[in-house]
1. Lysine pairs in the chain with Cα distance under 17 Å, only those 8 or more apart or on different chains: how many are there?
2. Which ³J(HN,Hα) values, rounded to whole Hz and listed in residue order, are derived for region 223-234 from phi using the Karplus coefficients 6.51, -1.76 and 1.60 in 6.51 cos²θ - 1.76 cosθ + 1.60 with θ = phi - 60°, glycine and proline given as x?
3. Please state the equivalent ellipsoid semi-axes for region 20-90: what are the square roots of 5 times the Cα gyration tensor eigenvalues, largest first, in whole Å?
4. Go ahead and estimate [θ] at 222 nm for the chain from helices alone: -39,500 (n - 2.57) per DSSP H run with n ≥ 4, summed, over the residue count, rounded to 500.
5. How large is the accessible surface of Val17 in square angstrom, using a 1.4 angstrom probe and rounding to the nearest 10?
6. Per residue, how much accessible area does the chain have with a 1.4 Å probe, in Å²?
7. To the nearest 20 debye, what charge dipole does region 175-326 have about its Cα centre, counting +1 at the Cβ of each Lys and Arg and -1 at the Cβ of each Asp and Glu?
8. Roughly how large, in nm² to one decimal, is the mean projection of the convex hull of the alpha-carbon atoms in region 122-233?
Amino acid sequence: MAVKATDPADLGLTEAVSLLDGGSLSSLELVEACLHRIAERDGTHSHEGDPGSINAWVRVYGEEATEAAKRADALHGDERPQLCGVPIGLKDLYSVAGKPVTASSQVLADVPERDSEVWARLKAAGMVLLGHLHTHEFAVGGTTDQVGNPWALDRTAGGSSGGSAAALAAHMTPAATGTDTAGSLRIPSAFCGTSTIKPTHGTTSFRDVVPLAPSFDVAGPMARTLEDCAALLAPITSLDGRAAPARLEGVRLAVSPRLSMVELDPDVADGFDGALEACRGLGATIVDAPPPATELDVGLDYLDILHAELAAWHRRFADSRERYRPALREWVEQGEEKETTAIDYAAAQMRRRESAYVWTDWLVEHRIDALIEPTVTVVAWKRGDGYEEAGSDAELIALTHYWNWTGFPVGALPSGVGSRSGLPVGVSLIGAPGADWDLLSLGISLQAELGVPESPLPAPPAAAS
């Protein structure tokens, strides 16, 4: 499935680990190749971005990265942790001791004294930090409009982890982190043709990560393949286990009953049909089961919780509202005006817990190993609509937000490139709480059949001989 790389920057994470451990590649060579690729392809590292740039990176830490790579290369044998010398980018919500964290906003300018727990674990696993990647401002949106999609710079990279997905698709880094409150790992992965897993809620730490709505927020890995995501998940999850390719023969998959509530773009529908055909070809059974006896549309409850938690955290910036982008300011003000009572909030959370129980029982009753659905109902749309008005990107989370509501894990992978749009589309596998490794195993096998699309960016110029 993987393309043989002639430039180290084109390596996937697991490919890089193999070469680094075997001694045929040094971390310094790999990091310098990624830094060169960033300088070559990213364009401006700015708050606003520009039409001609990908602009995935907020800040690049080149000098620190090369020094960390040299330290990684000095380790040998048992001294080398599992991801030693592999570069990574962090979404601009993750604290790094001594480095700014700004949430791609002009409001926040913190310099934390300690690392976020996720970064601390990845650093302990030997990873080298390249820099911080753009997010939709404070992660409150399904686009990241200061970032250009490497497939077409006039299209959104998705959000809120848009910088992470764009950097992966442009081969500027083999690994990245993101967060997900309503789809923010999965939407940009679908739009940029990359992969991710939204872990079971609570199985990865959110400590020292800028929150959006804590009872929905999840930290997770992003990479070009699910195999690479599994390698990234291992150091940061509390779940035991690992992922390995799993035969789909005999696996029972159910098409999500929520699909009846949405309309799919033709390219998305084609990609989903292709994924179902691939699953059947690999021996999976597509189960036709009645929907569970719970609400399939939880939008109002979801928004009540989101608004309350968002408004509570953003009180600290009450004197800086004029520096928010318009959509974020509107989101915060809506939360304050709604004034959800403690009783209303608790009632919504109780309905949420009951819904998760019903879904879990439904999967068991019908012996369903995973649900399958398109990740996003549309292909990447034009940049520029995410920051003007709160909720203008609601269509993007039509399917994704529900699995934050239940807290279920979701593995998301590309399902092809649309014949009409020329843009990637994605498919998701959803399982019961704690099924993360099983979903990754199934997804890795499906990805081996579907392949990994490559964004049509020009290759770097050949080195002079």
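The values are calculated or read from the model by the stated rules, or taken from the named source; none is laboratory data. What you are looking at is a predicted structure, and each value in this text was computed from that prediction instead of being measured. Neighbour counts are summed over all protein chains in view; Cβ atoms, including those assigned to glycine, are modelled from backbone coordinates with ideal geometry. Quick note on the areas: whole protein, heavy atoms, side chains included, nothing else; ligands and nucleic acids left out. Shrake-Rupley method; radii C 1.70, N 1.55, O 1.52, S 1.80 Å.
1. On the way: Lys70/Lys123; Lys91/Lys99; Lys91/Lys123; Lys91/Lys198; Lys99/Lys123.
Lysine pairs meeting the criterion: 5.
2. Calculated HN-Hα couplings, in order: 7, 7, 10, 5, 4, 5, 4, 4, 5, 6, 5, 3 Hz.
3. Details: eigenvalues 167, 23, 16 Å².
Output for region 20-90: semi-axes of 29, 11, 9 Å.
4. Working: 13 runs with 157 residues, N = 465.
Result for the chain: -10500 deg cm²/dmol, rounded to the nearest 500.
5. Answer for Val17: close to 30 Å² accessible.
6. Details: 17680 Å² over 465 residues.
The answer is 38 Å² per residue.
7. Details: 14 positive and 21 negative charges, 115 e Å.
Dipole size: approximately 560 debye.
8. On the way: hull surface 25.2 nm².
One quarter of the hull surface, i.e. the mean projection, equals 6.3 nm².
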